[in-house]
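J.: Provided herewith is a single structure, encoded as structure tokens, for subsequent inquiry.
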Amino acid sequence: MIFIDFEASSLSADSWPIEIGICWIDEQNKLRVAAKLIKPHASWQMSEWSEFSQKVHGITLDEIKAAEDAMNIARWAQSRLAGRLLLSDAPKFDSRWLNKLLATDTASDSLEVNSVQKHAEARFAGTARAMFFRAYANGHGTHRAAGDALRLGQAWRAAVRKEQTLLSKTP
């Protein structure tokens, strides 16, 4: 399972990803995070750059123009994400941006991004479910992909820990 988040050029239908962030829980139950800025692909319309979005996420056009090529980031993402359950708090947007990124590399396949809220509702019950939603609501959205993916991972891990605590108290 990987928690995923994107920052983008804007929220329009033709917007494109400018940063990808992923978070996962490793074998030692530690949260791991990785993120990359994305240089715009030649096929992406620069008219989709939004000054308002830049103010929200704080990533400048100069920063992304100096970033790693989109196709290289697509290969990096495909190697880490393929075959994994991908969870996001905005799956409609993140799925669109992920697949726009992956389309820059003909060797990459499209991937599905799922709702972390729906998976939490199905996975957790009672106080563990409440813990997920409380931790999620109390986490600070950073409007940076790594920080926002981390927030999802923290909420999930909090629910798992609550569930384990409850199970250890059951005779």
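J.: Among Ala67, Ala122, Ala155, which one moves the most in a GNM of the chain with springs linking Cα atoms closer than 10 Å?
T.: In this elastic network of the chain, the residue with the biggest mean-square fluctuation among Ala67, Ala122, Ala155 is Ala122.
J.: With unit charges on the beta carbon (Lys/Arg positive, Asp/Glu negative), name the residue among Ala155, Phe93, Gly83 whose Cα is farthest towards the positive pole of the charge dipole of the range 79-163.
T.: Ala155
J.: Shifting gears a bit: Neighbour counts of other C-beta atoms within 10 Å: give me Asp69, Asp26, Asp94 arranged from fewest to most.
T.: Working: Asp69 15, Asp26 8, Asp94 24.
With the fewest neighbours first, Asp69, Asp26, Asp94 line up as Asp26, Asp69, Asp94.
J.: What is the fewest-to-most order of Met1, Met46 by other Cβ atoms lying within 10 Å of their Cβ?
T.: So the ranking, lowest neighbour count to highest, is Met46, Met1.
J.: What lysines sit close enough to Lys55 to cross-link, taking a C-alpha to C-alpha distance under 25 Å and skipping anything fewer than 8 places away on the same chain?
T.: Excluding near neighbours in sequence, the set is Lys36, Lys39, Lys65, Lys92, Lys100.
J.: Using alpha-carbon positions, what is the distance between the centroids of the range 115-151 and the range 10-61, in Å?
T.: Spelled out, the Cα-based centre of one part sits 20 Å from the other.
J.: Of Thr104, Thr165, how do they rank once you tally other Cβ atoms within 10 Å and put the fewest first? It would help to have the intermediate numbers written out before the result.
T.: Working: Thr104 22, Thr165 12.
In order of increasing Cβ crowding within 10 Å: Thr165, Thr104.
J.: 5 Å is the cut-off here: which amide hydrogens, built 1.01 Å from N in the peptide plane, fall below it relative to Ile18, excluding neighbours closer than 5 in sequence?
T.: Here Glu7, Ala8, Ser9 satisfy the definition.
J.: List the aspartates and glutamates whose alpha-carbon lies under 17 Å from that of Lys162, not counting same-chain residues fewer than 8 positions away?
T.: List returned: Glu121.
J.: When all C-alpha to C-alpha distances in the chain are sorted into bins of 5 Å, what percent of pairs does each bin hold, rounded to whole numbers?
T.: Taking all Cα pairs of the chain, the binned fractions are 1, 9, 17, 21, 18, 13, 9, 6, 3, 1, 1, 0, 0 percent.
A short reminder: the numbers here are calculations on the coordinates, not readings from a lab. Everything numeric in this text was worked out from a predicted model, so none of it was measured. All Cβ positions, even for glycine, are placed from backbone atoms using ideal geometry, and neighbour counts span all protein chains on display.
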